[in-house]
Number of protein chains: 2
Amino acid sequence: MSYTESHAAAVLERCDELAAFSEEEGRLTRRFGTPALRQAGEAVRSWMESAGLSVGRDAIGNVIGRFGDRSRRTLLIGSHLDTVRDAGRYDGMLGVLVAIACMERLRAEARSLPYAVEVIAFADEEGVRFGTGYLGSSVVAGRFDPSALELRDSAGVTLADAVRAFGGDPDRLTDARRDPGDLIGYYEVHIEQGPVLEAGDAPLGVVGAISGQSRARVTFTGQAGHAGTVPMALRRDALSAAAHFVRAVEEVAHGQEGAVATVGELEVEPGASNVIPGRVALSLDVRHTADLVRRSLTERLHERAGAIAGTRGVALGWEVVQEVEAVRCSQELTELVSAAVAAAGHPVLRLASGAGHDAAMLSIIAPVAMLFVRCAGGISHNPAESVTVEDVAAAIEASSRFLKLLR
Amino acid sequence: MSYTESHAAAVLERCDELAAFSEEEGRLTRRFGTPALRQAGEAVRSWMESAGLSVGRDAIGNVIGRFGDRSRRTLLIGSHLDTVRDAGRYDGMLGVLVAIACMERLRAEARSLPYAVEVIAFADEEGVRFGTGYLGSSVVAGRFDPSALELRDSAGVTLADAVRAFGGDPDRLTDARRDPGDLIGYYEVHIEQGPVLEAGDAPLGVVGAISGQSRARVTFTGQAGHAGTVPMALRRDALSAAAHFVRAVEEVAHGQEGAVATVGELEVEPGASNVIPGRVALSLDVRHTADLVRRSLTERLHERAGAIAGTRGVALGWEVVQEVEAVRCSQELTELVSAAVAAAGHPVLRLASGAGHDAAMLSIIAPVAMLFVRCAGGISHNPAESVTVEDVAAAIEASSRFLKLLR
């Protein structure tokens with residue numbers, strides 16, 4: 001095993017150790033503010049300290065390890081420690097542990113850098129407990145919304161109380177923003193959570209942009225009726241209309257390079273085998289790295305839905321649920337990451353991130369760059385999440401080279 | 001108001017009276033063996049007696065009123081008194097009350113018939129409590145399956161105990177079959193439960209056949225994945241496959257005169273807006289009055305599903321849930337019904353029954369005929385079920401003429 005691979009093996013062992021800190025027996029679930037997240041944070045703190053970082057926690061409970069003195073401008077490197085329910089062990093954690101491994105290597109090589117580094121382990125990115133995605137990074141980016149403090153989890157606990165119980169300070173969240181003038185940028189390593197690297201036979205991917213996202217709630221309302229007594233010509237079948245639309249979603253997305261569009265939820269009412277569906281509600285999720293393209297695709301789908309509803313005599317409901325703008329990664333940082341990947345002996349595969357990441361939030365206050373690591377089958381948010389030691393070694397090698405290239 | 005319309009108004013009043021006998025406050029639910037059904041049966045018994053019928057109850061609790069002596073062959077006229085949950089007040093009851101109204105008219109006219117008549121109010125057709133559709137008529141037709149006595153309702157009560165509590169005799173159900181040699185036929189008046197008569201501007205419809213039915217449980221199993229990270233070309237989206245199939249169902253049924261095909265249930269797994277569906281299960285219901293056509297349609301849909309699954313790289317599951325053969329109505333009786341409708345001054349609109357009825361069960365032991373009554377919007381199994389006094393008058397007039405034409 002090479003020097004880098006032994007570091008990678010240590011990272012994978014630490015991923016296994018963190019996976020043991022869970023709210024649930026036999027599966028990994030680690031939401032914001034829980035004892036399991038506290039335990040994971042403490043383990044990360046001890047590893048940071050072994051790597052020579054001086055470690056603290058901010059007002060929301062992000063664990064931050066600093067290397068280099070206060071006078072220098074800082075590169076932030078991070079990812080998150082919280083998970084979805086029944087999660088895999090790499091989504092988030094891998095990025096934190098690769099960052100720590102890079103700092104260990106710098107220390108072992110007695111290498112200094114012309115800038116400071118802070119490794120950040122965010123306390124909440126998935127937002128499972130309070131519906132607060134990017135909570136940890138929003139505090140750092142100065143985008144925390146204080147009205148969120150009144151949100152309650154399923155047990156009735158408010159976010160404010162959860163922050164307090166977690167050792168944080170709810171009153172300091174709104175002004176915890178990092179000064180953009182102090183920051184060189186933000187760098188994040190993350191598993192791809194998709195199949196592109198595997199299909200392209202590449203261990204690493206350099207992220208050019210994080211897609212924007214349009215979400216809508218679409219309903220088709222026709223007329224329920226008896227499946228035996230209403231002739232086909234007299235039907236206003238809401239599910240037939242919805243199926244027509246699902247096909248249109250697929251067709252429109254296929255026709256646009258780089259676009260994805262998904263109907264992930266679909267509910268039929270009344271939902272009995274002998275009743276013609278009277279109403280269908282479905283979710284639409286459209287993503288693209290170009291906001292104009294995404295908006296135009298969504299608009300076309302809205303028009304198609306209207307045309308389908310019109311010809312079928314059913315009513316269309318269209319409610320915009322969310323509009324998230326795309327984030328461009330820093331060209332300067334991304335070129336350095338690409339050079340580092342190439343210098344490490346790997347093909348430079350550029351791709352977009354279709355999933356959101358803390359980097360999207362950090363882009364508000366700093367230039368950002370991301371490195372994706374191939375994961376088996378593109379599977380994520382699932383205990384079957386898997387990476388190889390070779391690919392993690394590639395990520396450590398490329399990230400270390402990136403740190404050395406950066407001035 | 002004409003003589004017949006005053007009879008019709010009385011029938012509608014009785015429908016209202018029966019609707020008050022419910023298991024639930026504020027809505028009509030009347031399942032087999034309940035006090036509500038007992039009350040409805042007692043009301044029907046008293047109206048039968050007022051019409052000069054001699055009334056009894058058989059072993060399952062069907063209420064039977066006889067006119068004419070035992071030596072004569074018998075025409076059965078009937079429908080059912082039980083309902084679905086939150087039912088309308090005409091599905092079933094209208095047929096029983098029109099039959100009683102016809103007997104009252106014969107009596108008022110001091111008219112004799114060259115055969116006997118028995119009006120049967122079946123105790124269970126919907127089968128809501130025990131999942132036993134056609135329970136009442138299956139006893140009369142000699143098709144009662146004794147293993148059904150062990151079925152339990154949601155409260156854990158067995159069918160055997162429910163029959164006993166209802167005053168019936170579970171040990172006599174299997175040999176309660178009526179002798180076909182004694183029977184002239186079975187005649188049933190029922191609301192259409194569909195929109196064909198309304199669309200055809202006809203108060204009455206003469207049923208030529210009751211459709212057969214094929215039911216299947218169809219599953220498409222692809223690969224769940226992240227809605228943002230899996231490119232369109234790499235997806236195996238189970239919902240896209242299912243939508244393709246739903247469109248095929250509609251298209252194939254549209255292309256076959258007299259066919260209906262319905263996907264009424266459709267469940268998506270995992271069913272989250274940001275996850276590509278990995279599995280979809282749906283119900284298929286295909287009906288036609290020609291069994292060969294129905295089987296061929298179902299086979300074509302099975303082939304289409306296989307082709308859709310094949311080109312999309314998803315797995316197809318196809319489980320046959322039920323196969324019910326079509327029932328042809330008696331040509332002889334149906335011609336008399338048609339003549340009676342014409343003589344009553346109404347257009348003779350022939351149609352198929354896409355819903356099942358007690359007549360389907362009775363066809364095992366006797367020639368059957370059915371008369372449909374127009375209902376508003378084709379709506380049934382719903383409190384909004386509605387018929388007009390004029391259309392009920394037409395049904396009484398036509399049915400009375402049918403009884404006089406029959407020898």
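Below is a table of values for the structure above.
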{"quantity": "Those residues of segment A:51-83 which are surrounded by fewer than 24 Cβ atoms within 10 Å (Cβ to Cβ) and under 15 Å from residue A:358 (Cβ atoms), in sequence order", "calculated": "A:58, A:64"}
{"quantity": "Members of segment A:23-37 found to be more than 18 Å from residue A:63 (Cα to Cα) and not charged (D, E, K, R), listed by number", "calculated": "A:26, A:28, A:29"}
{"quantity": "Odd one out for residue B:91, checked against (1) closer than 16 Å to residue B:361 by Cα; (2) of a type outside the set (Phe, Trp, Tyr); (3) in a loop (DSSP other than H, G, I, E, B); (4) in contact with a strand residue (DSSP E or B) (Cβ under 7 Å, 6 or more places away or on another chain)", "calculated": "(1)"}
{"quantity": "Unmet criterion (only one of (1) surrounded by fewer than 19 Cβ atoms within 10 Å (Cβ to Cβ); (2) in the same structural domain as residue B:282 (by TED's automatic domain parsing); (3) not polar (S, T, N, Q)) for residue B:227", "calculated": "(1)"}
{"quantity": "Output for segment B:320-358, where each listed residue is within 14 Å of chain A (Cβ to nearest Cβ) and of a type in the set (Gly, Ala, Ser)", "calculated": "B:326, B:352, B:353, B:354, B:355, B:356"}
{"quantity": "Residue in segment B:326-347 that is within 30 Å of residue A:215 (Cα to Cα) and either of a type in the set (A, V, I, L, M) or assigned by TED's automatic domain parsing to the domain that holds residue B:243 (or both) present", "calculated": "no"}
{"quantity": "Those strands (runs of 3 or more DSSP E) lying entirely in segment B:262-336 with at least 1 residues without any contact (Cβ under 8 Å) to a residue 24 or more places away in the chain and surrounded by 15 or more Cβ atoms within 10 Å (Cβ to Cβ)", "calculated": "B:266-269"}
{"quantity": "Test: residue B:355 is under 22 Å from the mean Cα position of the chain (by Cα) and either over 23 Å from residue B:131 (Cα atoms) or of a type outside the set (Lys, Arg) (or both)", "calculated": "yes"}
{"quantity": "Checking residue B:248 against (1) in contact with a helix residue (DSSP H, G or I) (Cβ under 7 Å, 6 or more places away or on another chain); (2) crowded, with 22+ Cβ neighbours inside 10 Å; (3) not in a strand (DSSP E or B), the condition it does not meet", "calculated": "(2)"}
{"quantity": "Scope segment A:15-73; condition in contact with an Asp or Glu (Cβ under 8 Å, 6 or more places away or on another chain), in contact (Cβ under 8 Å) with a residue 40 or more places away in the chain and in a helix (DSSP H, G or I); matching residues", "calculated": "A:37, A:50"}
{"quantity": "Failed item in (1) at the interface with chain A (Cβ under 9 Å from one of its Cβ atoms); (2) in a helix (DSSP H, G or I); (3) within 30 Å of residue B:388 (Cα to Cα), with residue B:197 passing the rest", "calculated": "(1)"}
{"quantity": "Residue in segment B:109-118 that is closer than 17 Å to residue B:45 by Cβ, assigned to a loop (DSSP other than H, G, I, E, B) and under 21 Å from the mean Cα position of the chain (by Cα) present", "calculated": "no"}
{"quantity": "Selected residue (only one of B:247, B:217, B:235 is over 25 Å from residue B:323 (Cα atoms), facing chain A (nearest Cβ under 9 Å) and at pLDDT 95 or above)", "calculated": "B:235"}
{"quantity": "Tally, over segment A:23-36, of residues that are over 21 Å from residue A:384 (Cα atoms) and buried (at least 21 other Cβ atoms within 10 Å of the Cβ)", "calculated": "2"}
{"quantity": "Boolean, residue A:384 is surrounded by fewer than 22 Cβ atoms within 10 Å (Cβ to Cβ), within 14 Å of another protein chain (Cβ to nearest Cβ) and small (Gly, Ala, Ser)", "calculated": "yes"}
{"quantity": "Exclusive hit being modelled with pLDDT under 95 and surrounded by fewer than 19 Cβ atoms within 10 Å (Cβ to Cβ), set B:87, B:20, B:108, B:10", "calculated": "B:108"}
{"quantity": "Sole exception among (1) touching a Lys or Arg at 6+ places or on another chain (Cβ under 9 Å); (2) outside any helix (DSSP H, G or I) for residue B:400, by number", "calculated": "(2)"}
{"quantity": "Residue A:214 vs. criteria out of contact with any Phe, Trp or Tyr (no Cβ under 8 Å at 6 or more places or on another chain), surrounded by fewer than 20 Cβ atoms within 10 Å (Cβ to Cβ) and hydroxyl-bearing (Ser, Thr, Tyr)", "calculated": "no"}
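Conditions tested, residue by residue: (1) modelled with pLDDT of 95 or more; (2) over 26 Å from residue B:368 (Cα atoms); (3) within 14 Å of chain A (Cβ to nearest Cβ).
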site: B:141; (1), (2), (3): yes, no, no
site: B:163; (1), (2), (3): yes, yes, no
site: B:169; (1), (2), (3): yes, yes, no
site: B:175; (1), (2), (3): no, no, no
site: B:184; (1), (2), (3): yes, no, no
site: B:206; (1), (2), (3): yes, no, no
site: B:209; (1), (2), (3): yes, no, yes
site: B:229; (1), (2), (3): no, yes, yes
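To keep it simple, each residue is scored yes or no on (1) closer than 15 Å to residue A:214 by Cβ; (2) facing chain B (nearest Cβ under 8 Å).
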position	(1), (2)
A:263	yes, yes
A:274	no, yes
A:280	no, no
A:291	yes, no
A:306	no, no
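The values are calculated or read from the model by the stated rules, or taken from the named source; none is laboratory data. All of these numbers come straight from a predicted model, not from anything done at the bench. Every residue, glycine among them, receives a Cβ derived from its backbone with ideal geometry; neighbour counts consider all protein chains shown.
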